[in-house]
Amino acid sequence: MGAANELLARVKAQGAIPRHVAIIMDGNGRWARERMLPRPVGHREGMKSVREVVEAALEAGLEVLSLFAFSQENWQRPALEVSALMSLLEEYIAKEARELDEQGVRVVFLGDLDRLGPAQRRAVDGVMAQTAHNAKLVLNLFISYGSRAELVRAARLLAEDVAAGKLSPAQVDERALSERLFTAGCPDPDLLIRTSGEMRISNFLLWQLAYTELYISPVLWPDFGRAELYKAILDFQSRDRRFGRVSA
């Protein structure tokens, strides 16, 4: 804890805190396999890291924290693992909803939520309603999410509005498309962290990551905590973000 607090002090001294940090939480299965444990055990340990990182985001003063929890492709995993993940989703909400609300966190679930079972959907809708008034930190949890599907959905919505005469073809621009994404109204991520050392963005926020700084951590997600988040932010603070322009 002492090392993490020291890193946090350095983060705050540096200034330039990223508004929005997104994380691809990877490595639960590998963590379990290295310990000869079932994969669901790794997912359960990963849930503890979610708590740590949310607390760290609050301490650092982030505005938005986005976590890629379950992709559309993950539905193709073995039924037992999918069932365990859905149970963990319900468990996480049941255990954390009250504290998240008390800490001023607004929880938002993004993705094709219609694919969730009735119990999971009730839990998701419940915590979003419970925390909707909060403004200290927005916690985006991406469930049943795929960025290509999100872009196709946005294009379909644009086409429907043009066909209905609500929008002219000339009005179809970046802003119009952004307003039809799941993340409408949310600033693009300043920093994307991927854990476990993998060098992929895995169909996550393809549009929104256009100018996002990338940070690859070798740490498996269940071992990723406050200190690791602060190290990533410190690295971000050393970057020269030009957005396609030349440095001054």
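Which ones in segment 160-181 are assigned to a loop (DSSP other than H, G, I, E, B) and either under 19 Å from TRP207 (Cβ atoms) or touching a Cys at 6+ places or on another chain (Cβ under 6 Å) (or both)? Matches in segment 160-181: LEU167, VAL172, ASP173, GLU179, ARG180, LEU181.
Say we look at segment 225-238 and pick out the residues that are without any contact (Cβ under 8 Å) to a residue 40 or more places away in the chain and in a helix (DSSP H, G or I); which of these is nearest to GLU6 (Cα to Cα)? Working first, answer last.
Here is the first cut: in segment 225-238, the residues without any contact (Cβ under 8 Å) to a residue 40 or more places away in the chain are 228, 235, 238.
Remaining after also requiring in a helix (DSSP H, G or I): 228, 235.
Details: GLU228: 12, ASP235: 15 Å.
Only one residue fits best here, namely GLU228.
Just one of the numbered conditions (1) touching a strand residue (DSSP E or B) at 6+ places or on another chain (Cβ under 6 Å); (2) in contact (Cβ under 8 Å) with a residue 40 or more places away in the chain; (3) basic (Lys, Arg) is not true of ARG106: (2). The residue pairs whose first member lies in segment 73-97 and is more than 23 Å from VAL138 (Cβ to Cβ), whose second member is of a type in the set (Gly, Ala, Ser) and in a helix (DSSP H, G or I), and whose beta carbons are closer than 9 Å, counting only pairs six or more residues apart or on different chains, are GLU81/GLY29; MET86/ALA119.
Conditions (1) farther than 17 Å from LEU58 by Cβ; (2) crowded, with 20+ Cβ neighbours inside 10 Å, marked per residue:
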| position | (1), (2) |
| --- | --- |
| MET86 | yes, no |
| GLU96 | no, no |
| GLU102 | no, no |
| VAL107 | no, yes |
| LEU116 | yes, yes |
| ARG121 | yes, no |
| ALA129 | yes, no |
| HIS133 | no, no |
| VAL138 | no, yes |
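Note on segment 207-224: among residues that are assigned to a strand (DSSP E or B) and touching a residue at least 24 places away in the same chain (Cβ under 8 Å), the one that is nearest to ARG44 (Cα to Cα) is TYR215.
Could you list all residues from segment 154-166 that are out of contact with any Leu (no Cβ under 7 Å at 6 or more places or on another chain) and either of a type in the set (A, V, I, L, M, F, W, C) or surrounded by 15 or more Cβ atoms within 10 Å (Cβ to Cβ) (or both)? Don't jump to the end; show me each part of the working.
At the first step, the residues of segment 154-166 found to be out of contact with any Leu (no Cβ under 7 Å at 6 or more places or on another chain) are 155-157, 159-160, 162-166.
Of everything in segment 154-166, those that are out of contact with any Leu (no Cβ under 7 Å at 6 or more places or on another chain) and either of a type in the set (A, V, I, L, M, F, W, C) or surrounded by 15 or more Cβ atoms within 10 Å (Cβ to Cβ) (or both) turn out to be ALA155, LEU157, ALA159, VAL162, ALA163, ALA164.
Every number here is computed from the coordinates shown, using simple stated rules; none is lab data. Model, not experiment: these values are computed from the prediction. Cβ sites come from the backbone with ideal geometry, for glycine too, and all protein chains shown count toward neighbours.
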